[in-house]
1. Could you grab the pairs with beta carbons closer than 9 Å, sequence gap of 6+ or different chains, first residue in the stretch 27-38 and under 19 Å from Met1 (Cβ atoms), second one among the acidic types (Asp, Glu)?
2. Which members of the stretch 10-21 meet the condition of being more than 18 Å from Arg59 (Cβ to Cβ) and surrounded by 12 or more Cβ atoms within 10 Å (Cβ to Cβ)?
3. Could you tell me how many of the residues in the stretch 39-68 are within 16 Å of Phe2 (Cβ to Cβ), within 16 Å of the chain's Cα centre (by Cα) and among the charged types (D, E, K, R)?
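Please treat every number below as a calculation from the coordinates, not as lab data. Everything quoted here is computed from the prediction, not taken from an experiment. Cβ placement follows ideal geometry from the backbone for every residue including glycine, while neighbour counts extend to all protein chains displayed.
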Amino acid sequence: MFRFHATSTSRIDVQMKYPWYPRVHNAGFTITLPHRPRGISRGTDVQVEVIDSKGGRTRLPDVVIDWD
């Protein structure tokens, strides 16, 4: 298992989809991995885990990606 930290960012599309998010300044996140990290296969799945300010965790559904 690999973990990468994303940067929080303002996302109007996220704020529109989740009505309680307008009270949050940075409701979105972004991360760019410039190349496939060593040890990760070409076809792999990614799962996002969001940890809120109270330590609560929400895991989003897995998404399969193919590294070129």
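1. Partner pairs satisfying both residue conditions: Arg36/Asp68.
2. The answer is Arg11, Gln15.
3. So the count comes out to 4.
Residue by residue, here is whether (1) surrounded by 10 or more Cβ atoms within 10 Å (Cβ to Cβ); (2) in a loop (DSSP other than H, G, I, E, B) holds:
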position: Arg3; (1), (2): no, yes
position: Ser8; (1), (2): yes, no
position: Pro34; (1), (2): no, yes
position: Pro37; (1), (2): yes, yes
position: Val50; (1), (2): yes, no
position: Pro61; (1), (2): no, yes
position: Asp68; (1), (2): no, yes
